[in-house]
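Here's the structure, in structure tokens; my notes come after.
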Amino acid sequence: MKSPYLITKEEILKFYKPINPQAHKGTQGHAVIIAGSYGKIGAAVLASKSCIKSGCGLVTAFVPKCGYQILQISIPEVMVITDENANSITNINIPLQPQAIGIGPGIGKELATQKALFEFLRINKSPLVLDADALNIISENISWLELVPEDTILTPHPKELERLIGSWTSESDKFKKTIAFSEKYKVIVVMKGAPTFVINRNSVYENTTGNAALATAGSGDTLTGILTSLLAQGYEPKYAVKIGVFLHGLTADIALPKFGYESFTASTIIKYLGKAFLELEN
């Protein structure tokens, strides 16, 4: 494998667009986050909060009924639509046409949730980020990937990646299989890890930000929110994915001297997003 292209600040600045001074919430995109189940509503909170804090004009969360009050109280800036089911997602009915959708964090693998995911993929036309349980469900129904829009972004951690592409015998085998997978289904794969790699067909990009502090629960949910936000703002997936992983890692680099590795949490990522964006603009 030829050596990967590096995702650096210089690279990001080629396509990063500062906010237009004339912008209003309607021009900044409307994102939908479909996430959460009983006991995992935190995933929906983290993804929705990172989405609204990454420049998106409007964010709507779609959650099971049990998540309604939690979302409304913890993120007043985010609108909430609920499933008819109390504990899990069973029927995804979104009465709007968002600019981007992120789906998967904390949704679980209930049979009704699997059916809901299939029905959603069948009719969805919005740019898409697939994460967590959405990937786990798809790994058991791999043909469903033929339903997703071209350049859909998948964000597996190593175990989820293995479920999608099968086990590998070496690092180069892992990359070979992921490249083949990306080419076959016309999707972009974020191989989360240290470092994180982006696989877009046969192009491989290595992120240059981030550290071991990111190895914490909910870290991936925040990445899903950031990526969905960037797509909703009109970035092409190939650019959104690079800016997203770069900013996500940058929050950990900025916060590390203050927090150390151990007490850094996914909420710290959200807290430091503003500083990460400022770093791009300075």
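Things worth noting here:
- Screening the range 1-40 for residues that are of a type in the set (Val, Ile, Thr) and within 16 Å of the chain's Cα centre (by Cα) and picking the one that is farthest from Glu236 (Cα to Cα) gives Ile34.
- Candidates in the range 244-265 are the residues that are of a type in the set (A, V, I, L, M) and surrounded by 24 or more Cβ atoms within 10 Å (Cβ to Cβ); of these, the one that is nearest to Pro195 (Cα to Cα) is Val245.
- Ala252 farther than 22 Å from Pro18 by Cβ, at pLDDT 95 or above and among the hydrophobic types (A, V, I, L, M, F, W, C): yes
- For the range 235-273, the set of residues classified as among the polar types (S, T, N, Q) and part of a helix (DSSP H, G or I) consists of Thr251, Ser267, Thr268, listed by residue number.
- Residue match in the range 56-69 (condition: within 11 Å of Gly225 (Cα to Cα) and not in a loop (DSSP other than H, G, I, E, B)): yes
- Of the residues making up the range 57-79, at least one is touching a strand residue (DSSP E or B) at 6+ places or on another chain (Cβ under 6 Å), closer than 17 Å to Gly244 by Cβ and either among the small types (Gly, Ala, Ser) or touching a residue at least 60 places away in the same chain (Cβ under 8 Å) (or both).
- For Gly42, the test of being at pLDDT 95 or above, at positive phi and not polar (S, T, N, Q) is failed.
- Tabulated pairs, the range 1-29, first surrounded by 13 or more Cβ atoms within 10 Å (Cβ to Cβ), second outside any loop (DSSP other than H, G, I, E, B) and of a type in the set (Phe, Trp, Tyr), C-beta under 7 angstrom, 6+ apart or interchain: Pro4/Phe197; Pro4/Tyr205; Tyr5/Tyr205; Ile7/Tyr205; Ile7/Phe246; Ile12/Phe246; Phe15/Tyr239
The values are calculated or read from the model by the stated rules, or taken from the named source; none is laboratory data. Given the structure is predicted, the values throughout are model-derived calculations rather than measurements. Cβ atoms come from the backbone with ideal geometry, glycine included; neighbour counts cover every protein chain shown.
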